[in-house]
Amino acid sequence: MKSADIRRKFVDYFKTPPRSHQEVPSSSLVPADDPTLLFTNAGMVQFKRVFQGLERRDSKRAVTCQKCVRAGGKHNDLEQVGHTARHHTFFEMLGNFSFGDYFKKEAIEFAWEWVTGKEWLGIAPERVFVTVHHSDDEARKLWRQVTGIADERIFGLSDKDNFWQMGDTGPCGPCSEILVDIREKGEGSGTPGLADFERLSEAGRFLEIWNLVFMQFDQSADGKRSPLPAPSVDTGAGLERITSLMQGVATDYDTDIFQPIIAQAVEVIGKPYDRGPAGAPFRVLADHARAVAFLLADGVYPSNEGRGYVLRRILRRGVRHAWLLGRREPTLAPLIKTVSALMGSVYPDLAQKEQHIERVTRAEEDRFLETIEGGLGRLEELKGSSVISGEDAFKLYDTYGFPIDLTQMIAGERGQTVDVEGFETALGHQRRRSRSARQLSAAQRVVEKMGDWVNLKPKGHQKWVGYDTTKAETHPIAFRQQGDQLELVLEENPFYAESGGQVSDTGVVKGDGWELTVEDVQKVDGKSAVVGTFGESFEPTPATAQVNEARRRNIERNHTATHLVHAALRKILGAHVRQAGSVVAPERLRFDFSHHGPIADDQLGAIEAEVNAHIWENLPIATREMAYKEAVAAGAMALFGEKYGDRVRVVDVQGVSLELCGGTHVPSTGHIALFRFTHETGAAAGVRRIEALTGPAAYRYGLELERRLDEAAGLLKAQPEHLVRRIESMLDENKKLEKRVGELLRGGSGTGDGGSVERIGDVDLHVGESDLEDRTQIGELMDGFRSKHKRAISVLFTKGGRPGIHVAVTDDLIAQGLKAGDIVNAIATTAGGKGGGRPHFASAGVGDAALMAATRAQTPSIVKGLIKP
């Protein structure tokens with residue numbers, strides 16, 4: 001039975017009346033409402049809020065085939081992959097769910113029918129064994145009554161094996177596992193006792209294929225379990241395990257799920273696959289190709305943090321296993337097409353994003369291949385030590401890109417251990433150094449300043465009013481004056497302090513007899529202090545605080561535009577796009593985001609058009625504070641690894657963007673007026689950067705482009721609307737002239753100044769000078785020389801901005817072993833230069849132009865020394 005048939009049969013069984021489950025598509029591998037969870041690792045993750053009573057669904061019954069990854073955090077199978085029969089980073093979990101509808105009896109009945117029914121899996125009932133929680137007499141009784149299975153084939157196990165809970169508190173309950181006897185002849189038969197059953201299960205001779213979880217209790221913080229008012233069912237059956245069972249093979253890797261990928265790996269690498277321990281690298285590659293493809297399809301991007309770091313670890317582990325097989329080129333990338341061909345019909349995103357997935361995978365592999373040899377060489381140097389120090393492990397990570405678990409794996413293969421604690425310490429030092437570097441100016445201002453704060457209102461509290469107004473009547477509650485610089489903490493503060501990429505406000509604070517021009521706003525002990533130059537002694541009085549309103553409005557335009565451009569990038573480039581940094585200033589915006597490779601001009605144009613379309617729709621922008629969990633559940637963008645408080649501020653551009661953000665924004669998108677891209681470049685590996693203008697700045701940018709266009713049109717004596725046609729005509733004319741010049745050069749004598757000809761044996765040496773600088777034209781000149789001469793060498797010295805030496809050798813001399821590259825290098829050495837090329841034509845640069853005359857004079861003797869008698 002094919003894996004695709006098993007997947008379809010499971011869903012069909014539960015959809016069919018009277019079971020009537022609603023088919024629910026697999027959720028993303030990135031949990032939508034739980035940024036604390038690395039990846040979706042079970043079928044119930046997308047229903048977590050339903051089980052907790054926080055969300056209701058249209059149907060009380062559901063069936064899914066869920067994509068899962070276990071490669072980080074609590075559930076991490078990464079190190080076992082390839083070395084065992086069943087461990088995988090990516091797998092599919094079949095599941096049926098009841099949300100307060102049916103319970104144990106129906107769950108057991110459904111499971112038994114699907115496993116043993118001839119229309120479904122058709123497994124012989126006598127091969128089926130069951131486990132229950134040792135205290136769950138009800139489940140044991142139901143198994144006997146519903147299925148007729150003998151009591152001695154039902155084993156009661158402890159909490160460790162047969163009790164499930166969502167967390168320390170919340171829904172929980174006993175579970176029941178279905179196992180199939182896969183013992184071979186000679187390994188025994190019949191029903192084992194409990195001890196033998198546990199031993200044989202551990203050895204894989206009883207294969208667990210399905211786990212039925214009966215959620216019937218609510219566990220409180222003190223450990224007490226109370227009955228749930230509406231007990232539910234959550235089941236999980238591993239597709240890969242069931243497939244290996246139905247195809248009668250020893251491991252999951254022998255099934256039609258993995259074998260085509262392994263076959264492709266064999267073709268790419270050029271070595272046969274060994275089903276034993278020596279074949280582990282092939283199995284790792286097959287597994288990791290699936291994980292990489294699905295993670296990239298779901299928007300995860302290789303990075304050094306969070307989910308992206310797990311993906312990078314998987315990729316680099318794959319590169320290392322390919323390296324063990326002798327492969328020195330990207331290997332996972334060629335396997336992506338096979339994964340897509342196998343699974344693209346079930347998961348369309350995989351096929352739609354195939355090119356993106358292949359491109360990112362190849363780039364990441366190329367990047368690690370540049371450093372892996374150096375890292376492995378360093379590990380070779382450390383072989384003599386039983387422990388790899390934390391410092392060495394960190395160097396392998398920082399310099400050669402070796403994730404710590406890769407270092408541990410290689411060390412383990414050699415009988416070494418790694419000082420992980422020392423590695424974490426070194427990593428922590430690096431992160432603190434990075435933070436210190438980023439915060440240096442702030443640290444200097446806050447820590448290194450002399451002078452004490454004067455608290456005018458020791459119990460005063462600052463209130464931020466900048467979301468609602470740019471002007472406030474206020475009182476200084478503290479100040480610090482050092483030299484000609486004054487810092488004020490205002491009770492009612494409308495000035496924004498730099499945060500989240502948005503720059504600080506500027507403006508004026510006026511009191512009775514004093515005025516401070518605000519040049520900066522700094523964070524001091526959780527409050528915002530306005531900072532400016534103040535050359536006299538400060539006497540505090542009530543004051544009026546006024547933000548530079550025109551500047552603030554431009555900042556707001558640019559900040560809202562970053563939200564629009566983020567949404568447009570994700571829509572047009574794909575959901576893998578994630579913000580990686582930003583600068584929101586009054587005159588421009590900059591936005592860094594995860595994406596591999598430059599953005600095509602047509603895509604950039606489409607993104608700009610998308611942003612402007614939303615601007616001209618004049619969409620309202622709503623901001624509100626809400627509970628963090630509520631915001632994420634509503635779909636607000638939350639960055640993995642960022643720390644958020646219990647309450648967050650959400651900025652909602654109606655129907656376009658929903659983001660957690662503490663910055664200031666325009667009231668509606670129409671206030672932005674206009675959006676124009678100015679630059680698109682790379683910012684770091686896997687990170688692109690766009691820069692753009694909005695509002696008045698975008699308008700001025702357009703005017704400047706128009707002025708330059710008019711200027712260019714004037715120079716070319718054409719109307720602006722005819723400029724393209726004029727340039728095309730000139731380029732066409734230039735091509736004709738170049739062609740004519742080439743013909744003239746090829747018909748020339750081989751030197752530009754007439755030069756000199758010297759006979760060396762039976763070889764003619766032509767030495768001359770030319771004003772030509774274009775290497776193509778020089779090449780054409782030399783081709784003309786070669787076509788007109790036999791047994792001849794031309795040495796041409798060129799002047800201009802970049803002096804050079806060029807040598808041409810006729811074919812009859814090449815046949816005797818004379819090469820232009822050898823000659824040009826020998827001559828150029830006397831002028832401090834070097835070069836190279838092909839046997840018939842080579843060029844060299846000149847280190848010191850002042851030596852050109854002397855070099856030319858020495859040329860005949862140098863060439864004579866190279867010509868064999």
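The values are calculated or read from the model by the stated rules, or taken from the named source; none is laboratory data. Please read these numbers as outputs of a predicted model, since none were measured by experiment. All Cβ positions, glycine included, derive from the backbone under ideal geometry; neighbour counts span all protein chains shown. For the accessible areas, the whole protein counts, side chains as well, though only heavy atoms, and no ligand, DNA or RNA atoms are used. Shrake-Rupley method; radii C 1.70, N 1.55, O 1.52, S 1.80 Å.
Odds and ends about this structure:
- Pairwise FRET efficiency - Val583 versus Arg432, Cβ, R0 = 22 Å, nearest 0.05: 0.40
- Restricting the stretch 1-102 to GluC sites (Glu not before Pro) in coil, as DSSP defines it, with at most 13 other Cβ within 10 Å: Glu55
- Computed from the C-beta positions of Glu421 and Ala278 and an R0 of 25 Å, the FRET efficiency is 0.15 to the nearest 0.05.
- More than 51 angstrom apart: percent of Cα pairs within the chain: 41 percent
- Principal semi-axes of the equivalent ellipsoid, √(5λ) from the alpha carbon gyration tensor of the stretch 1-112, are 25, 20, 12 Å from largest down.
- Maximal additional length on extending the Tyr644-Thr829 stretch stands at 60.2 nm, based on 0.36 nm per residue less the C-alpha distance.
- Ranked packing of 388-400, 37-49, most packed first, by mean Cβ within 10 Å: 37-49, 388-400
- Value in Å of the Kirkwood radius, where the stretch 341-388 supplies the Cα pairs that are averaged: 13.7 Å
- Residue ranges 708-716, 361-369, 220-228, 93-101 sort as 93-101, 361-369, 708-716, 220-228 when ordered by packing (mean number of other C-beta atoms within 10 Å per residue, highest first).
- Length gained when the stretch Ser386-Asp762 is fully extended (0.36 nm per residue, less Cα-Cα span): 128.4 nm
- For Lys457, the aspartates and glutamates whose Cα falls under 12 Å of its own Cα, not counting residues fewer than eight places away in the same chain, are Glu491.
- Listed by chain and number, the aspartates and glutamates whose C-alpha is less than 17 Å from the C-alpha of Lys834, apart from same-chain residues fewer than 8 away, are Asp822, Asp848.
- Helix-only CD estimate at 222 nm, as mean residue ellipticity for the chain, using -39500 (n - 2.57) per DSSP H run (n ≥ 4): -12500 deg cm²/dmol
- Label positions at Lys160 and Lys629, each projected 7 Å from the Cα along the C-beta direction, are separated by 3.2 nm.
- The Rg/Rh ratio of the stretch 716-869, with both radii computed over alpha carbons and Rh defined as the Kirkwood radius, is 1.10.
- Ordered by solvent-accessible area of protein heavy atoms (1.4 Å probe), largest first, the residues Asp812, Asp592 come out as Asp812, Asp592.
- Spacing of the modelled spin labels on Lys141 and Lys571, each 7 Å from Cα toward Cβ, amounts to 6.0 nm.
- Of Lys9/Lys141; Lys48/Lys571; Lys395/Lys629; Lys118/Lys271; Lys60/Lys224, pairs whose Cα-Cα distance is over 30 Å: Lys395/Lys629; Lys118/Lys271
- With R₀ set to 22 Å, the beta-carbon distance separating Glu329 from Gln777 gives a calculated FRET efficiency near 0.05.
- Excluding ligands, DNA and RNA, the accessible surface per residue across the chain is 47 Å² with a 1.4 Å probe.
- Using 0.36 nm per residue and subtracting the Cα-Cα separation, the extra length available between Leu851 and Lys790 on full extension is 18.9 nm.
- Applying a DSSP loop filter and a limit of 16 other Cβ atoms within 10 Å to the chymotrypsin sites (Phe, Trp or Tyr not before Pro) in the stretch 641-744 leaves Tyr644.
- By the compact-protein rule of thumb, 2.2 N^0.38 Å, the alpha-carbon radius of gyration of the stretch 451-507 corresponds to a ratio of 1.21.
- The alpha-carbon of Lys160 sits under 17 angstrom from the alpha-carbons of these lysines, leaving out residues fewer than 8 places away in its chain: Lys74.
- Percent of C-alpha pairs per 10 Å bin, the stretch 606-756, short to long: 9, 19, 22, 17, 12, 10, 6, 4, 1
- Cα-based values for the stretch 139-212, radius of gyration first and Dmax second, are 13.9, 47 Å.
- The stretch 64-201: translational diffusion in µm²/s, Stokes-Einstein, Kirkwood Rh over Cα pairs, 4 °C, 1.567 mPa s: 76 µm²/s
- Averaging the sequence gap over all C-alpha pairs within less than 8 Å and six or more residues apart, then dividing by the number of residues, gives the chain a relative contact order of 6 percent.
- Per residue Cα convex hull volume in Å³ - calculated over the stretch 204-249: 104 Å³
- Each of Val346 and Glu691 was given a label point 7 Å from its Cα along the Cα-to-Cβ line. The distance between the two points is 4.8 nm.
- Carbon/sulfur fraction of accessible area - the stretch 748-828, other protein chains in place, 1.4 Å, %: 44 percent
- Taken over the stretch 542-665, the ratio of Cα radius of gyration to 2.2 N^0.38 Å equals 1.14.
- Fraction of beta bridges assigned by DSSP in the chain that are antiparallel (%, nearest 5): 85 percent
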